[in-house]
1. Just to confirm my numbers, what's the Cα centroid distance between the range A:170-184 and the range B:69-85 in Å?
2. Express in whole angstrom the spacing between the alpha-carbon centres of the range A:239-257 and the range A:87-155.
3. Holding the Cα-Cα limit at 25 Å, pick out from A:Lys203/B:Lys54; B:Lys56/B:Lys101; B:Lys101/B:Lys125; B:Lys54/B:Lys150; B:Lys42/B:Lys101 the pairs that are longer than that.
4. Taking the Cα-to-Cβ direction at A:Glu195 and at A:Arg40 and moving 7 Å from each Cα, how far apart do the two end points lie in nm?
5. When a footprinting reagent is the concern and you count Cβ atoms within 10 Å, what order do A:Leu175, B:Leu25 take, fewest first?
6. Compute a Gaussian network model of chain A, connecting alpha carbons closer than 10 Å, and tell me which residue from A:Pro39, A:Pro137, A:Pro154 fluctuates the most.
7. Kindly identify the range A:1-155 as rounded, prolate or oblate by the Cα gyration tensor criterion: order the square roots of the eigenvalues as a ≥ b ≥ c, call it rounded if a/c is under 1.5, otherwise compare a/b with b/c, prolate if a/b is larger, else oblate.
8. If you stretched the chain out fully between B:Ser120 and B:Phe146, how much longer would it get, using 0.36 nm times the residue separation minus the C-alpha to C-alpha distance?
Amino acid sequence: MEWLAQLGRSGLSFSAGLGRAHLLMLAMLRGLPQLVRRPRLLMEQLLSVGVLTVLIIAVSGIFVGMVLGLQGFYILSRFGAEATLGVMVAASLVRELGPVVTALLFAGRAGSALSAEIGLMKATEQLSGLEMMAVNPEHRVLTPRLIAGIISMPLLAAIFSMLGVYGGWFVGVGLLGVDEGTYWAQMQSQIDWDEDVLNGVIKSLVFGVVCTWIAIFQGYDCIPTSEGVSRATTRTVVHSSLAVLGLDFVLTALMFN
Amino acid sequence: MSKTRQIEILVGAFMAAGFLALFFLAMQVSNLGTVNTGDSYKVLARFDNIGGLKVKSPVTMAGVEVGRVIDIYYDAEDFRAVAVLGIYSQYDRIPDDTFAKILTAGLLGEQYVGLDPGGSEDLLKEGGEIAVTQSALVLEEVIGQFIYGKAQEGAK
């Protein structure tokens with residue numbers, strides 16, 4: 001009996017959380033007109049969400065590309081098809097690894113920071129303070145962060161993919177002796193703009209919405225204690241990663257069926 | 001330099017880098033930079049077997065891309081495959097007795113249509129048809145013929 005009640009409780013609290021998340025999303029979207037009048041708020045968030053994430057994205061992009069170059073060369077050379085190394089590197093980066101790995105890193109770097117920041121604002125009653133001053137904290141604090149996340153993610157994913165392609169080029173052409181012209185030409189003839197690149201961009205846009213949304217919701221919904229904030233940060237990373245991986249499968253199935 | 005200005009510059013650099021990366025993906029990585037968006041005219045070519053030819057496969061003449069395959073369908077009347085070739089308008093001086101064959105780029109590469117110009121004075125026009133074609137090389141058939149030929153040699 002107790003077990004059944006527990007199941008019911010967790011189901012109810014899950015639905016309630018989902019509902020609160022959607023209401024929060026609506027509240028944030030209503031803050032959009034205000035954001036247009038105060039672009040400086042968005043600017044500050046783009047700095048902390050986007051610019052400060054570039055370094056980790058760039059480093060991992062280069063290394064993922066280099067590993068793809070090595071592994072790809074190793075396997076392709078068995079079939080005498082090293083010429084298609086560029087295609088392999090670019091396709092896997094643009095379609096999958098770019099959006100997904102960027103989203104995972106984004107959740108770890110920017111998402112957790114967002115949660116902790118908003119959670120601490122709540123714990124130290126800064127959000128209530130804003131409300132006392134007749135400033136809507138959802139519009140003033142949350143909306144700029146959401147929009148900054150949505151703008152940053154596709155750009156970060158594009159930077160990741162570009163540097164990855166160069167990482168693969170460095171290993172394949174520079175170290176292993178694949179022909180430079182073949183690397184680029186095969187890539188250009190096989191990678192399609194709408195089919196591959198644009199679908200990757202759409203993916204990373206979706207991930208941007210989901211990751212930022214989860215991060216903001218967890219921070220805003222946390223129990224306002226130090227323990228609650230730390231739990232919210234953990235949940236942000238776990239939920240974002242799971243959401244990204246699950247959604248990636250769904251999106252891939254829809255796009256490339 | 002004020003703090004705000006510094007933030008603006010950093011964010012601007014980030015946005016520029018992001019869009020530059022997207023532009024790079026469009027032009028250098030994908031085929032957007034090489035797609036010919038100009039006008040084209042349609043020419044039909046009937047093949048006994050098109051092998052792995054696909055829509056969007058290139059059509060080349062002397063190795064230069066002069067068009068793309070626009071459509072492929074099966075003609076139930078004469079049991080052959082019909083490939084509709086879209087030839088770019090700037091290549092409008094192709095003789096109407098041109099020979100079309102399906103070739104393979106490299107051993108495992110994609111298949112494309114190669115055109116060999118004929119000697120006719122008349123030119124191919126919109127809706128025209130290439131009369132002489134050569135089918136794709138299907139590896140199983142080639143091997144089968146080879147084995148058959150060997151067996152016949154042995155029988156003599």
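1. Here the two parts' Cα centres lie 39 Å apart.
2. Answer, in whole Å: 19.
3. Values: A:Lys203/B:Lys54 27 Å; B:Lys56/B:Lys101 16 Å; B:Lys101/B:Lys125 19 Å; B:Lys54/B:Lys150 34 Å; B:Lys42/B:Lys101 17 Å.
Flagged as over cut-off: A:Lys203/B:Lys54; B:Lys54/B:Lys150.
4. My value for the distance between the label points is 4.9 nm.
5. Working: A:Leu175 12, B:Leu25 27.
The fewest-first ordering by Cβ neighbours comes to A:Leu175, B:Leu25.
6. Fluctuation is largest for A:Pro39.
7. On the way: a/c = 3.08, a/b = 1.65, b/c = 1.86.
It is oblate, given that a/c is not under 1.5 and a/b is not larger than b/c.
8. Values: separation 26, 0.36 × 26 = 9.36 nm, distance 3.56 nm.
Once the chain is fully extended between B:Ser120 and B:Phe146, it gains 5.8 nm.
Only the coordinates and a few stated rules stand behind these numbers; no lab work does. Keep in mind the model is a prediction, meaning the values are calculated, not measured. With ideal geometry, Cβ positions are generated from the backbone for all residues, glycine too; neighbour counts draw on all protein chains shown.
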